[in-house]
Every structure is written in C-alpha cells, then in structure tokens.
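Inspection log for the structure reproduced underneath, given as structure tokens.
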Amino acid sequence: SDVNYGNLTVNYAFDWAVLTSATSIVEADNKLAVPLFLGNESSVLIAPSVFNTITTTDMFAQELRLASTLDGPVQFIAGLFYEDVERVTFGETLSNFQNNGLLYGSDGVLDYQQKAFFGEVSYQFNDVWALTLGGRHFDYDRIDTNQPRPSFFSGANPVQQPELDTGETGDLFKANLSFTPNDNTLLYAQVSHGCRLGLGPPLPPESCDANN
C-alpha cells in the first residue's frame, strides 16, 4: 500500500468566532496478491493460482466551519462539507490450469459526491450542567460499476452489468446533556444518529426461473 495525504488548514479569528477552512487530498494505491490452489467440487487440487487486485483511490474533502467564542452561556458551530471520491479496482485470477490464462477478471469503479451542512448549539445552564443540540443535512450521489472481462469462467463475451446508481438526502440529529461536578469528572448522556453511504440495489436479471 502506498498512501499520500495532503491537508491545508486555515484559521481566521473574529472577535466572536473562529472561521476554519480544512482541505484534504488522499491518493492511495493498493496491490494485493493472494496465492491459492484451484480445486474442483470434490476438493481435488488441480492447479496453483493467484488472485491479484490493484486499487487506486482519489479523495478530496473540503470543510468550512465557524465556531463561536462568545462570553455568554450560548455557543454554536455551523459548517459546510463537500467530499468527492473515486476508487478504481482491477482484479483478476490467473492459473496454469489454462496455460497461465485468465480464469476471471473484472474492473470496478466507485464514484460518489457528498454535500452537507451542519450545526449545533450548546447552552451552559451553570458551572456543571450543559445541553448541546445539533443537526446535519446531507445529500449524496453514488455510482458503482463492476464489469467482467473475457475469461475462462465468464466466456468470450461476458454479460455487462448495469450501473448501481443510488443517492439519498436526509437529516441527522444529536443531543447531549453533560454534568461536570469538578475538574476531574465528566458524566454525559448522548443520543446521536449517523449513516453510511449505501450501495445501490442490483437490478434483477431479465429472465429467471419461476421460483427465483
């Protein structure tokens, strides 16, 4: 694995808040080789094989955040977030079972963009009790493709798979109640809602058996 990270963070302080811009770039290359033995249904070893994958990932993320520095009991955070990711995977299984031929190969691409804005407000009731309420609105689009290449198992003209195209818009919420009776103790209760970017549902085949 070879991963390169780049980040630029810029802060600007107002009298009442701090504005932060965080820009991140990730470039990653991963190569995996797994030696294995090809066998039949009776678990009889036929030939040594190797499964190879090469994955390249490019990620870009930008966050803009404003955090208050007020003197009173109320503090807030508000921000914007953007993310763009592309991951390309090249996979193949080789074996001398077919004169060092390609048993199976496929090319996969994951491409998604995510936008969000978020914010939270906290209120300090006194020296020991504080309440924080927050929310996040997100919107993402994701496309997954995985196309087989001509090989021993998929044939000379493999069936091309449709793109898995999905996206969602939603809202996430958070509530936190904290209790700090002294400098060495923090007790809190928190309810938080999160999500992961879902994979698009595969389409059913054009024809299938009656019982499916």
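So here's what we get for this one:
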| quantity | calculated |
| --- | --- |
| Residue check, Asp139 touching a Gly at 6+ places or on another chain (Cβ under 7 Å), in a strand (DSSP E or B) and in contact (Cβ under 8 Å) with a residue 24 or more places away in the chain | no |
| Test result for Val121, among the aliphatic types (A, V, I, L, M), open to solvent by less than 40 Å² (accessible area, probe 1.4 Å), part of a strand (DSSP E or B) and within 23 Å of Phe138 (Cα to Cα) | no |
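The values are calculated or read from the model by the stated rules, or taken from the named source; none is laboratory data. Because the structure is a prediction, the values reported are computed rather than measured. Every residue, glycine as well, gets a Cβ built from its backbone with ideal geometry; the counts of neighbours run over all protein chains shown. To get the accessible areas, we keep the full protein, side chains included, count just its heavy atoms, and leave off ligands, DNA and RNA. Shrake-Rupley method; radii C 1.70, N 1.55, O 1.52, S 1.80 Å.
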